[in-house]
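Some notes on the structure that comes next.
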Amino acid sequence: MDALILSALSSAADRGSEALRAIQTTLGTRGHDVETIDVVAADVGPCRGCGNCGLHTPGRCTQNDDMQTILPRVVRTDLLVLASPVRFGSHCYPMKLVIERFMPLNGPVFVIRDGEMHHRPRYPRRPALLGVGLLDTGGPAGDGDAYRALIDRHAVNLASAAHASIVISPDKRASVAVELLVRALETVEPAVAERTSLRDRR
Amino acid sequence: MNVLLIQGSPRGRRANTASILAFLAAELAAGGARSETYAVSARGPGPEDLDRLPAQLAAADAVVLAAPVYLDTVPAATQRLFESLSAHGPGPALPLYGIAHSGYFEPVHKLCELRTMRLFCEAVSWSWRGGVGFGGTSPIEGRPLAELGSLTRRLRAGLHAVAADIAAGRPLSEKTVALCSRPPLPLPTRPVVWLTNRQGRTERREVDAFARPYDRRP
C-alpha cells in the first residue's frame, strides 16, 4: 500500500516535525510504503484558472514547476495524506497552493455526485484521503470543526475512495495523536487495500 | 461611508470576481457609499502590498471580500492575505462582508469558503457581517455583468441587496442571503449538467479530452 504525505508541517517548527514523524512511523508500522513531499519547499505557482488542463492539454497543467512531479504521485498513490497547520479552518498557504493545482485530475465533463454537480474524475481509481490538521494555540474555537468539514468536502470533490480527518490540538500528547491517527487509518485502510489489490492485478 | 473591496481572485482584471465587484461598486455609489478596490496578486500579498494595504484599511468603514471557490475554499492568494494580515496586525477592527462564488449552482460549494472568512474575522477580532454565495458565475469570463443579460439577472439582484445592506451599515439580512443563494437559472441540477456537457461536445471530439497521462507507472 503506497501512501503519499503532502506535508506543510515544516512550517510549524518542532510540533510540526513531531507530528510528521508520528504520521510516517504509524503508516510504516501499518505496512504502508511512505513517501513524503514537503510542500513548503516545493516550487509551485498558483492555479491560473486557465482551464487548459481540461481540453487544450488534457490532464496536464501547462505550468512547468514541481506539480509536474507531484501530480503523477498523487494519481498513483493508494492513500493521500494532507498534513498541514490549520489556518482559519483551512490548510495553510503552501498546502493550498499545491492542492488547488489538482484541477488536471478532473475530467472534461460533469456528473451528479452526492446530489451535487461535480467534475467527473479523470482517473477511475482515486486514492483514499486522510487530513491531518495541526491546531495552533489561540486559534478560533471553530478551527478544528471547520477543517474536518473541509476534508469532507474535498472527499466529495475529489471522489475519494474513502476519507477521514484528525485535528491535533496543542494540548494533545503525542500518544493521543497517534491513537487518533490509528483510528482514522482504520476507517480508510479497507479502501486502500482494495485499491492496492486492484492495481496489482492490472 | 468608505468601503474597501478586496478582490480575492488571483486572475486580476480578467477575473469574474472583478466583474462582480465592479457591479457592487456601482451599486454602492448609487446608494451614496464610496469604494476603492484592492486586488490580491496571484501569489498573495507581497511586501509592497503590505505597505499599502494598512492605509487602505485605516481609511475604510467596512470591507467586502469577494473570492472564487478554488477546491472548496478561498484561493491560495487570499489564504496568504489572511495569514499575512493576521501575522502583521490587521489594524483597526472592521466589519467584513464575504462574497463567495463558483460555477457550481449549489450553495453547499461555497460554505467552507464563507466559514474560513468568518474564522479569519474571529481570529483578528473583526466583525463578521455575513456572507453570500453565488453559483453559476463561470460564463461571466470577466465581462460586465449587464452584458450577460438574463444569465446574471439574479446575481445583479443579489448584489443590489448586498449593497443596500452595506450602505445602511447593517449585517446581511436573511432575505439578502436567500436572494443570493438562488441559482442563476431556475433549473434543477440534472438539466444543468446535461446542458453544460452538451456545450463542450465539439471540442472534446477534436482532442483526446479523456486522456490519463499519469495512469501508468513509469
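Bear in mind these aren't lab numbers, they're just calculated from the coordinates by the rules spelled out. Computed from a predicted structure; not experimentally measured. Positions of Cβ are generated from backbone atoms using ideal geometry, with glycine treated the same way; all protein chains shown enter the neighbour counts.
Values for this structure:
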item: Pair-distance profile P(r), taking every C-alpha pair of the range A:61-117, with 10 angstrom steps and integer %; result: 18, 41, 37, 4
item: For the range B:2-186: relative contact order, % (alpha-carbon pairs under 8 angstrom, 6 or more apart); result: 25
item: Spatial extent of the range B:15-115: Rg and Dmax, with the Cα atoms as the point set, Å; result: 13.9, 38
item: Binned Cα-Cα distance frequencies in the range B:79-128 - 10 Å width, integer %; result: 25, 50, 21, 5
item: Stokes-Einstein D in µm²/s, Kirkwood radius over Cα pairs - the range B:85-208 at 10 °C with 1.306 mPa s viscosity; result: 97
item: Extended-chain gain in nm, criterion 0.36 nm per residue less alpha-carbon gap, B:A168 and B:S41; result: 42.7 nm
item: Leading residue at positive end of dipole, the range A:91-201 (Cβ point charges), from A:V176, A:L129, A:V109; result: A:V109
item: Among A:48-59, B:95-106, the order from most to least packed when residues are scored by Cβ within 10 Å on average; result: B:95-106, A:48-59
item: Stokes-Einstein translational diffusion, the protein assembly as shown - Kirkwood Rh over all Cα pairs, 1.306 mPa s, 10 °C, in µm²/s; result: 72
item: Choice from A:R122, A:R113, A:R15 showing the highest fluctuation, given a GNM over chain A with Cα pairs closer than 10 Å; result: A:R113
item: Fewest-first ranking of B:V74, B:V124, using other Cβ atoms within 10 Å as the exposure measure; result: B:V124, B:V74
item: Amide H partners (placed H, <5 Å) of A:G107, local residues excluded; result: A:R120, A:R122
item: FRET efficiency for A:R48 and B:A87, using Cβ-Cβ distance with R0 set to 41 Å, rounded to 0.05; result: 0.95
item: Cα-centre dipole for chain A with unit charges at Cβ (Lys and Arg positive, Asp and Glu negative), debye to 20; result: 640
item: Of A:E35, A:E189, A:E116, the one that fluctuates the most in a GNM where chain A has Cα springs shorter than 10 Å; result: A:E116
item: Spin-label pair B:A157/A:V176, simplified geometry with 7 Å Cα→Cβ offset, distance in nm; result: 5.1
item: Hz values of 3J(HN,Hα) by residue in the range B:139-154 - Karplus curve (6.51, -1.76, 1.60), Gly and Pro given as x; result: x, 4, 6, x, 8, x, 4, 5, 5, 8, x, 5, 5, 10, 4, 6
item: B:R52-A:D200 pseudo-label distance in nm [points 7 Å out on the Cα-to-Cβ vector]; result: 5.7
item: Amide H partners (placed H, <5 Å) of B:D61, local residues excluded; result: B:N2, B:V3, B:L4
item: Sequence-separation-based contact order of chain A, relative, with Cα cut under 8 Å and 6+ spacing, percent; result: 22
item: Hull-based mean projected area of chain A, where the convex hull spans the alpha carbons, in square nanometres; result: 11.3
item: Residue order, fewest to most surrounding Cβ atoms within 10 angstrom, among A:R153, B:R170; result: B:R170, A:R153
item: From phi via Karplus (6.51, -1.76, 1.60), per-residue ³J(HN,Hα) for the range B:9-14 in Hz, x at Gly/Pro; result: 8, x, 8, x, 5, 7
item: Isotropic mean projected area of the C-alpha convex hull, the range B:96-166 (nm²); result: 5.0
item: Karplus-derived HN-Hα couplings along the range B:61-67 (A = 6.51, B = -1.76, C = 1.60, θ = phi - 60°), whole Hz, x at Gly and Pro; result: 9, 7, 10, 10, 10, 10, 8
item: Neighbour-count ranking [beta-carbon atoms within 10 angstrom, fewest first] of A:Y93, B:Y38; result: B:Y38, A:Y93
item: Antiparallel %, DSSP beta bridges [both residues in the range A:2-201], to 5; result: 25
item: Dmax and Rg, reported as Rg then Dmax, of the range A:102-150 (C-alpha, Å); result: 15.4, 43
item: Estimated D of the range B:2-186 in µm² per second, where Rh is the Kirkwood radius over Cα pairs and Stokes-Einstein applies at 37 °C, 0.692 mPa s; result: 205
item: Beta bridge orientation in the range B:68-218: antiparallel %, DSSP, nearest 5; result: 10
item: Label-point gap, in nm, between A:A141 and B:E203 - each point 7 angstrom along Cα→Cβ; result: 4.7
item: Max mean-square fluctuation residue, GNM over chain B, Cα-Cα springs under 10 Å, options B:T78, B:T116, B:T202; result: B:T202
item: A:I168 long-range amide H proximity, modeled H, under 5 Å; result: A:G133, A:L134, A:L135
